[in-house]
1. In a GNM of the chain with a 10 Å cut-off on Cα contacts, which of Tyr155, Tyr39, Tyr14 has the highest mean-square fluctuation?
2. Let me spell out the model: positive unit charges on the Cβ of Lys and Arg, negative unit charges on the Cβ of Asp and Glu, origin at the Cα centre of the range 35-175. What dipole size does that give, in debye rounded to 20?
3. When the Karplus curve 6.51 cos²θ - 1.76 cosθ + 1.60 is applied with θ = phi - 60°, which whole-Hz ³J(HN,Hα) does each residue of the range 77-86 get, with x for Gly and Pro?
4. Taking the chain as a Gaussian network, where each spring joins two C-alpha atoms under 10 Å apart, which residue of Gln109, Gln101, Gln161 fluctuates the most?
5. Pick from Lys20, Lys158, Lys78 the residue whose mean-square fluctuation is largest in a GNM of the chain, springs joining Cα atoms under 10 Å.
6. Select from the chain the helices, each a whole stretch of DSSP H, whose alpha-carbon atoms run 27 Å or more along the helix axis and whose Kyte-Doolittle mean is at least -0.5; answer none if there are none.
7. Can you list residues from other chains, or at least 5 along the same chain, whose modelled amide H is less than 5 Å from the amide H of Asp120?
8. Once you have a ≥ b ≥ c as the square roots of the Cα gyration tensor eigenvalues for the range 7-55, tell me rounded if a/c is under 1.5, and otherwise prolate or oblate according to whether a/b is larger than b/c.
Amino acid sequence: IDPGHGGARLGAVYEDVMEKTINLSVSKKLETILKDYGYNVVMTRIKDVEIGLYERSDIANAVDADLFVSIHSNAADKFPDFTGIYTYYHPSSRRGAKLAQAIQTPLAQITGAVDRGIKDADFVVLRETDMCAVLVEMGFMTNHGELMDLISDSYQDKLAQGIAEGIVSYLNGLK
């Protein structure tokens, strides 16, 4: 699990809320759920430290991870009404597209958020990882209502549960 940003890399900042804080909080909740299911979970960071994009991929590659899930919060300054969840995968990865859809569906259902679908993108952490990788954008910090959800402990629980259900569903489909 890769909690996006950290340290001096704040990510988006709106209403005095830093993206890096939301990402780490949801990632820790996701880690707990997956460990409770019996999975071995490796985090690229467990506290507020800066880790480079290539280093994140290197960590996952070094531990020979089965999956890489990067956790982020979105922003769209010019469109403050935008809400919803996206899950990205690398354009060269069919498995990534399957994992993205496996996560996107329960995540949107459990949270009740707008399902903006899956999209391909050439992000470093998707391109440089050797395993199936996705990047989840959990909602728009530029939308006040969605930002209030993103900082809510109970909503973060739903985000973590939705992502976990998608991961488990994907892994069970490989058996």
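The values are calculated or read from the model by the stated rules, or taken from the named source; none is laboratory data. Remember, it's a predicted structure, so these values are computed and weren't measured experimentally. As a convention, Cβ positions derive from the backbone with ideal geometry for all residues, glycine included, and neighbour counts pool all protein chains shown. Ligands, DNA and RNA are stripped out before the accessible areas are found, and what is left, the full protein with its side chains, is counted by its heavy atoms. Shrake-Rupley method; radii C 1.70, N 1.55, O 1.52, S 1.80 Å.
1. So, out of Tyr155, Tyr39, Tyr14, the one fluctuating most is Tyr39.
2. The calculated dipole for the range 35-175 is roughly 400 debye.
3. In residue order, the calculated couplings are 3, 7, 10, x, 8, 4, 9, x, 10, 10 Hz.
4. Greatest mean-square fluctuation among the candidates belongs to Gln109.
5. Lys78
6. 153-173
7. Long-range HN contacts for Asp120: Tyr89.
8. oblate
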